[in-house]
Amino acid sequence: MNDEKGTRGQEHVVEIDAPIADVWRAITEAEEVTRWYVVDAEIDDHVGGTYRVSWGEGMDGVSDITALEKERHFQVAHRPMPGAPEIATGPIVEEYFLEEQDGRTVLRLVTSGIPETEDWDWFYEGTQRGWTIFMLSLRHYLERHAGTPREQFVEMVTLPDSVEAAWETVMGPEGLRLADALDGAVAGAELSGETAFGEDVAGEILLVDAPYRLLSTTRGMNDGLLGVTIERMGPTNILYLSVATFGLESDAVAGIRERWGAWLAALFPQAGEPNEAFEAMMTDPGATADAT
């Protein structure tokens, strides 16, 4: 999706077996947004209000709500991060369109205003892949766990290895041990396996795109979600690992966090913090092009 302004956009569509009112709340209410999208959120749900989301310390996004028609249309315009260069063509805009079809809700997300230049390729490619996962996560939450808070082990770390090397490490013998199971696998296929640290990860593959993305259900964790995303960011790569659970007892959640945290720290002992890479990319998008 390109236009005459020298910008490009994306469109993501998901059909959800849930009432349109539930989908609307999931994208416009802060508590609901944290159940499928981000770690933390603050939303003033009126035109002129502020839409704040966070993936962790130093990785925040702030937008202005520029359109809101209940259960039909929601639009936000991203503010640049402090110190970030302005985009001459205007802000990057995200628009959600909702429509009811045969008792289900069709949600369409349209992103526009991404500069059509090489130094913004990292942003375009990352959001293209990322939003596919987020939309599937939204569908899973509303169809399987609507109204249930999400407890999540989530880590983002920077890795010096290539995307391919990082994927092999995560999926290999000391990692999730899913390399063979994912060979030739497609969405909808059954996934079975046990990680190097004894965690049952049997479930259904919702998305697989080696060496970048995996999203699958985890039946042994009360039908939660396992997400692995690896993206290049400048001279490093970002690993985003998420184990999302719904409705588990607090001690079970604590055990998951302890086991997965210890495993990831041992697997990547030289991993760095992602906030510096994130901030560097937002303030100097050209660093990605220079590094590749």
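Annotations
- Euclidean distance between Cα centres, segment 21-92 to segment 184-225, Å: 29
- Compared with the direct C-alpha span, the chain from Val62 to Glu29 gains 10.4 nm at full extension, assuming 0.36 nm per residue.
- Calculated mean residue ellipticity at 222 nm for the chain: -8500 deg cm²/dmol, from DSSP H runs with n ≥ 4 weighted as -39500 (n - 2.57), summed, divided by the residue count and rounded to 500.
- The residues of segment 92-143 expose on average 40 square angstrom of accessible surface per residue, using a 1.4 Å probe on protein heavy atoms.
- Ordering of 68-75, 165-172 by packing is 165-172, 68-75, highest average first (other Cβ atoms within 10 Å, averaged per residue).
- Computed from phi, the 3J(HN,Hα) profile of segment 42-54 under the Karplus parametrisation 6.51, -1.76, 1.60 (θ = phi - 60°) reads 9, 9, 9, 7, 7, 4, x, x, 9, 10, 10, 9, 9 Hz, with x in place of Gly and Pro.
- Under the criterion of Cα pairs below 8 Å and six or more residues apart, the relative contact order for segment 1-45 equals 21 percent.
- Sequence ranges 142-149, 188-195, 218-225, ranked by mean other-Cβ count within 10 angstrom, highest first: 218-225, 142-149, 188-195
- Accessible surface of segment 3-62, 1.4 Å probe, proportion on carbon and sulfur as whole %: 42
- Across the accessible surface of segment 120-237, with the other protein chains kept in place and a 1.4 Å probe, carbon and sulfur atoms take up 46 percent.
- Considering only alpha-carbon pairs that sit under 8 angstrom and 6 or more positions apart, the relative contact order computed for segment 124-267 is 26 percent.
- Ranked by the mean number of other Cβ atoms within 10 Å of their residues, highest first, the peptides 177-187, 241-251 fall in the order 241-251, 177-187.
- For the chain, the relative contact order is 17 percent, taking Cα pairs closer than 8 Å that sit 6 or more residues apart in sequence and dividing their mean separation by the residue count.
The values are calculated or read from the model by the stated rules, or taken from the named source; none is laboratory data. Quick caveat, the model's predicted, so the values are computed rather than measured. Every residue, glycine among them, receives a Cβ derived from its backbone with ideal geometry; neighbour counts consider all protein chains shown. Accessible surface is based on the protein model in full, side chains and every heavy atom, while ligands, DNA and RNA are left aside. Shrake-Rupley method; radii C 1.70, N 1.55, O 1.52, S 1.80 Å.
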